[in-house]
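Read the structure below first, then the notes.
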Amino acid sequence: MCVCLCVCVSVCQVLVEDVNRDSDLELIVVSSDGFIHCYAALSANLLWKRQLSSRSPGLTLDLRLVDLDSDLQLVVATDDG
């Protein structure tokens, strides 16, 4: 399967996890333009997209899924605050 971001950006990080606990995997993709995308892994359909940062060269991100209650939370840290 190929997930294409149809803009001139690069993929910074990918996380594969059953984020919504529906027994299907999702791909969480962080792109160099400061967006995070969530795709259904089997169909490659975009489920949601959020802007995290304005992104500048050299900006770094860290992406983790944590279970603090009984739901998964997506925690994203950026070095631009």
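The values are calculated or read from the model by the stated rules, or taken from the named source; none is laboratory data. Please read all numbers here as calculations on a predicted model, not as lab measurements. Cβ coordinates were reconstructed from backbone atoms using ideal geometry, including for glycine residues, and neighbour counts include every protein chain displayed.
Table for the structure above
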read-out: Selection status of residue 73, at pLDDT below 80 and touching a strand residue (DSSP E or B) at 6+ places or on another chain (Cβ under 7 Å); value: yes
read-out: Cross-chain or 6+ apart pairs with Cβ under 9 Å, region 16-35 first and surrounded by fewer than 13 Cβ atoms within 10 Å (Cβ to Cβ), then outside any loop (DSSP other than H, G, I, E, B); value: 16/26; 16/27; 16/28; 21/72; 24/40
read-out: Residue that is modelled with the highest pLDDT, among those in region 1-56 that are among the hydroxyl-bearing types (Ser, Thr, Tyr) and over 12 Å from the mean Cα position of the chain (by Cα); value: 43
